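Take a look at the structure below.
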Amino acid sequence: MFFTLLFLQYTVGVSSTEALVDEATTFISHVLPPMLCYFVMAVLAITPQTRTIRLALFPVMLLLALRAAVPMDVSLKGTERKFHHNLACWMFLTTTRALGWALARKSLVRQLRPANSTPSTLMDALDLVSNFRGYGWDWSRGVHIPRETRPSNRTGFIFSKILSLAAHAFAFGILNTAIGSFSSAGLGKLSCGHVLEETLPFLHRATRICFPVRFGDISGGYLFDASLPFYSRFLRSSVISALALVWAYVALQSCYDSCTILGVVILGQDPAQWPPAFDAPWCATSLADFWGRRWHQWLRHILLILGAHPLSFIFGRAGVLIGAFLAAAVIHHFGLITVNRKSEFWRMLVGFGMMAVGIIIENTFKHVTRRKVQGLAGWVWTMGWILLWGHAIIDGYARAGMFSFPTLIDLVPPLRMSVEDMVTEFDTLLHAISSAPVA
């Protein structure tokens, strides 16, 4: 499924037949081998008594993935840069999954299959390579699957997913345009200095002490407008961060809708194989509820492999929490450096690390008061904490240029200009209020 999307994205938009042939040849020589090795690893993972073979094959998978992702030119623009970003992330995630399969002591067992289907190694392997949550597999115990609210019949299901894709893709375009429209004052080029040094000096000093890095000229965007006073600057950055958080949700939901339609319509899969991705994250009443249930769980097993399980041997249950968010920071930073090599890890580390701190605070509150974080107060706490520390994550995304990719809204100039004008008016009003003399 994702292989098909990669190929379409890789070969779209080339300027000539010769270029198309070159792109297809490179795809077959560099991208196809690790994809095939990934599928072979999946077949071995569900076949008993193959652990030795899996361990021997994993280094080959790793080398092929590096060969495909590392030489790519990440300085390209538009569709090509977006493809290279997606390809590198895909290689990173699939290699991590293959590592988990190689280390597994027992073969993986599929416990839930579509109605009227018979056990098949080929079909089970195809499901495994695309089933990141592990829905229906024995290794996914504990993963939260949202309640199904979509039509149960196949035609109604497909129609609902098409509508969902259209709505979320439209929202993504609007939000991407809105965030990008702040560029003239806030998300444009940063020539010198550091935004958090000016706005949150205590955070800057702490991160410099713990994680010393070299600050300087950074090619990309920045979140804060240094021309505004502190409170107006933070209000403006909070608006951008809130838009960016919704932007992330609609972007991921759009991708999931696209894959769902492809799987059900083109590959003939059962709609039951595509349960809802999110469980109304805006209704979360605690950080544990948000990250453990309501946000997508696609990376759950990967986070366990990369961080939670290794650190649990050192720090126990606390290591599971810390390791999971540390792995999340690594994954998101890896995605950023495929777009902009000047991206700095500490932003993801602070943003996701403070999510772990927030959950520790919730656990401490529960231990002391014997009450769970919940209700309206829990909702305010959750949204406030995510918005506050999400600033570091969004700042990293802005600096990497993640809000500069073209969208379908760019094909409708009147709509795009309307969104840009609204954002410009808000920016102008905020600057006018901030610069008005105090009576």
Out of the helices (runs of 4 or more DSSP H) lying entirely within segment 294-410, which hold 3 or more residues that are more than 14 Å from the chain's Cα centre (by Cα)? 309-315, 317-337, 345-369, 375-400
Determine, yes or no, whether Gln269 is closer than 28 Å to Met123 by Cα, over 16 Å from the mean Cα position of the chain (by Cα) and surrounded by fewer than 19 Cβ atoms within 10 Å (Cβ to Cβ). no
Hey, any hits in segment 336-344 for a residue that's exposed (fewer than 13 other Cβ atoms within 10 Å of the Cβ) and either touching a Pro at 6+ places or on another chain (Cβ under 9 Å) or of a type in the set (A, V, I, L, M) (or both)? no
Out of (1) closer than 23 Å to Leu99 by Cα; (2) crowded, with 19+ Cβ neighbours inside 10 Å; (3) not polar (S, T, N, Q), the one Val373 does not meet is (1)
Would a scan of segment 198-215 turn up a residue that is hydroxyl-bearing (Ser, Thr, Tyr), touching a Leu at 6+ places or on another chain (Cβ under 9 Å), buried (at least 18 other Cβ atoms within 10 Å of the Cβ) and at pLDDT 50 or above? no
Look through segment 113-151, keep the residues that are of a type in the set (Asp, Glu) and surrounded by fewer than 15 Cβ atoms within 10 Å (Cβ to Cβ), and return whichever of them is nearest to the chain's Cα centre (by Cα). Glu148
Among residues of segment 406-421 being closer than 13 Å to Gly180 by Cβ and of a type outside the set (S, T, N, Q), the residue modelled with the lowest pLDDT is Pro406
Do we find a residue being in contact with a helix residue (DSSP H, G or I) (Cβ under 9 Å, 6 or more places away or on another chain) and at positive phi anywhere in segment 341-351? no
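The values are calculated or read from the model by the stated rules, or taken from the named source; none is laboratory data. Fair warning: this is a prediction, and the values are worked out from it, not measured in the lab. Heads up, the Cβs are rebuilt from the backbone with ideal geometry, glycines too, and the neighbour counts pull from every protein chain shown.
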